[in-house]
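The values are calculated or read from the model by the stated rules, or taken from the named source; none is laboratory data. Keep in mind it's a predicted model, so treat the numbers as computed, not measured. All Cβ positions, even for glycine, are placed from backbone atoms using ideal geometry, and neighbour counts span all protein chains on display.
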Amino acid sequence: MSLKGIGASPGIALGNALVIEHKELEVKKQNIKDVDAEVKKLQDAVELSKSELEKVKEKAAKELGEAEAEIFGAHLMVLEDPEFIGAAEEKIKTDSVNADYAVQEIRDMFVSMFESMDNDYMRERAADVKDVSDRVLRHILGIKVIDLSSIEDEVILVAHDLTPSDTATMNKAKVLGFLTNIGGRTSHTAIMSRTLEIPAIVGLSNATENIKDGDFIAFNGDTGEVVVNPDDSKKEEYAKLKKEFEEEKKALEKLIGKESVTKDGKKIELAGNIGTPNDVEGLIKNDAEGVGLYRTEFLYMDSDEFPTEDKQYEAYKSVLEGMDGKPIIIRTLDIGGDKELSYFDMEKEMNPFLGYRAIRICLDRKDIFKTQLRALYRASVHGKLRIMFPMISSLEELLEAKKVCEEVKSELKSEGVDFSEDVEIGMMIEIPAAAVISDILAKHVDFFSIGTNDLIQYTCAVDRMNQKISYLYNQFNPAVLRLIKLVIENAHKAGKWAGMCGESAGDQKMIPLLLGMGLDEFSMSPISILRARHLVTNVNISDMEKLVEKVLEFGTAEEIEEYMNNFTINQ
Ligand code: PEP
Ligand code: MG
């Protein structure tokens, strides 16, 4: 049997499945005579759960960072809340019922109360209460949970979705891959799998129904293809692919420490995209030449309130120091669209991607913007900082954002706080209007970084999340390619440099075209960097310029894509 999902993390995996089912727990109401013994049972289960959670929290903080560990802090808080456990104890005593039944009743009461609230943050708390109550219930019922931290045999994990506690506790040395029913390329499991460099496929719909524990699985994290219980020839085919993938990875490691220079001598900067300071490890391992996009919104999304100036300062400083003087582009807050903050009420909009978001929020709420800019400038003394604004659509917005930077700098100066005077200021080009007037904008920035993820959706009027029209979302659309070329030309005419941090920058079929258009900096998922260096070091810019000329003669995305599919570099 074969299944198809969304390739989330590259690599080939072959091994036995371990299906993680988060089964509904069965609880029956009983009349209890020894009420004290029942209360004790509850207290023991709570204590056991607490000590488990303390361990999970500590491990998560160490391996994934404080922000990821925060969720377990929230679970511990539920267990320490007298209104919750106290209410369960009360129920055992007054109704003479069994501990599991009492916990279940109190859980359901709290969950439905939170779920009915008109506030995303409170609705999310319902999931915490459910998760932690189930942990207590399993201890009362004596149900063994698959302990992912002590997996002994190598396995491929199959789940509806993996929870943060699953990914935090698992014994990574034994996990060969992940397969999940739900999720897209930016879901938690997908991001974690790429960071951990474990092959993964998400969005398989019914993997947990079609795969049983112990089934032999072969899958390709690039293409999203899964084969369940393959015959010998299929097995051999995947084993061969795996060998090739590993050989390629090994060969690419030889490029660590090498410069990214084309055959005809153009130096290219190959940087990485990150979401948290913990991702620096992956950048170093893959020899990134800098950070081309630090998406700071995760710092805000992983928090229960707006992160303080000091908290932000620590995060930015840690990336700047961790990268040892290499250039770091930190993007100011880019929320809105599909990225919400539980503690910041944004009105429901008809078209959130065209609405109140990113720089528009920052210019409206200067208090939020200034806190971030103060943290950024304070951190600037610890490395080579570049600040970048998202979603700029006009010159007015750019000038206003720059004015706030100047205000922050003069405030810091008057307070006697140190900051670097050499911070480059740049903006993302992800709105066609900005691309069209990029000649004007270029005079006011040090650099552009092209955000193709959004530029494609706005240029082609195609929602990047809508599966039904995804055939229209194509980076090879000639309109998109023309805009990219125009932006790079306009940057160069003004003596500025141009980079790209959208997914296209790490795409092997796009890189030759971007080189031909003169792109100076490419920022991508850290695992794509060495493959990109291999390509860069094996081509001539002059050949790539001819290639661009050739593909821009085509009128359709399909023709360009086909041409690029057949394009190979001469080595
Ligand atoms: C982009 O739009 O290309 C981009 C890099 O930003 P994000 O994916 O965070 O919207
Ligand atoms: Mg964007």
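Of everything listed in (1) away from ligand 1 (no atom under 16 Å from the Cβ); (2) assigned to a helix (DSSP H, G or I); (3) in contact (Cβ under 8 Å) with a residue 12 or more places away in the chain, the single unmet condition for residue 396 is (3).
Looking at residue 530, is it more than 23 Å from residue 437 (Cα to Cα), more than 16 Å from ligand 1 (Cβ to nearest atom) and among the hydrophobic types (A, V, I, L, M, F, W, C)? For residue 530, the condition - more than 23 Å from residue 437 (Cα to Cα), more than 16 Å from ligand 1 (Cβ to nearest atom) and among the hydrophobic types (A, V, I, L, M, F, W, C) - is met. Residue 336 meets the stated requirement of being in contact (Cβ under 8 Å) with a residue 12 or more places away in the chain, buried (at least 20 other Cβ atoms within 10 Å of the Cβ) and closer than 19 Å to residue 455 by Cα.
Among the residues of the range 288-320, those identified as among the basic types (Lys, Arg) and more than 12 Å from the chain's Cα centre (by Cα) are 311, 317.
Only one of the numbered conditions (1) within 16 Å of ligand 2 (Cβ to nearest atom); (2) within 27 Å of residue 435 (Cβ to Cβ) is violated by residue 301, and that is (2).
One residue stands out in the range 308-333 among those that are more than 16 Å from ligand 2 (Cβ to nearest atom) and either buried (at least 21 other Cβ atoms within 10 Å of the Cβ) or not assigned by TED's automatic domain parsing to the domain that holds residue 373 (or both): the one that is nearest to residue 424 (Cα to Cα), namely 328.
Within the range 453-471, count every residue that is away from ligand 2 (no atom under 14 Å from the Cβ) and at pLDDT 85 or above. Before the answer, list the steps.
Going through the range 453-471, the residues away from ligand 2 (no atom under 14 Å from the Cβ) turn out to be 460-462, 466-471.
If we keep only those that are at pLDDT 85 or above too, we end up with 460-462, 471.
Number satisfying all stated conditions: 4.
Reported count of residues in the range 436-474, each being part of a loop (DSSP other than H, G, I, E, B) and over 26 Å from residue 494 (Cα atoms), is 8.
Would the range 521-534 turn up any residue that is part of a helix (DSSP H, G or I), modelled with pLDDT of 95 or more, away from ligand 2 (no atom under 16 Å from the Cβ) and more than 24 Å from the chain's Cα centre (by Cα)? Checked the range 521-534: at least one residue is part of a helix (DSSP H, G or I), modelled with pLDDT of 95 or more, away from ligand 2 (no atom under 16 Å from the Cβ) and more than 24 Å from the chain's Cα centre (by Cα).
Filtered by the rule that a residue be modelled with pLDDT of 80 or more and over 19 Å from residue 212 (Cβ atoms), the range 143-169 gives a lone residue, 152. Taking the criterion of being within 10 Å of ligand 2 (Cβ to nearest atom) and touching a strand residue (DSSP E or B) at 6+ places or on another chain (Cβ under 8 Å), the only residue of the range 430-448 that qualifies is 430.
Residues of the range 224-261 that are at pLDDT below 95 and surrounded by 15 or more Cβ atoms within 10 Å (Cβ to Cβ): 224, 245, 249.
Scanning the range 271-305 for residues that are within 14 Å of ligand 1 (Cβ to nearest atom), modelled with pLDDT of 95 or more and touching a Pro at 6+ places or on another chain (Cβ under 7 Å) turns up just one, 272.
For (1) of a type in the set (A, V, I, L, M); (2) in contact (Cβ under 8 Å) with a residue 40 or more places away in the chain; (3) more than 16 Å from ligand 2 (Cβ to nearest atom); (4) surrounded by fewer than 24 Cβ atoms within 10 Å (Cβ to Cβ), each residue gets a yes or a no:
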{"residue": "352", "(1), (2), (3), (4)": "no, no, no, yes"}
{"residue": "361", "(1), (2), (3), (4)": "yes, no, no, yes"}
{"residue": "364", "(1), (2), (3), (4)": "no, no, yes, yes"}
{"residue": "367", "(1), (2), (3), (4)": "no, no, yes, yes"}
{"residue": "383", "(1), (2), (3), (4)": "no, yes, yes, yes"}
{"residue": "388", "(1), (2), (3), (4)": "yes, yes, no, no"}
{"residue": "392", "(1), (2), (3), (4)": "yes, yes, no, no"}
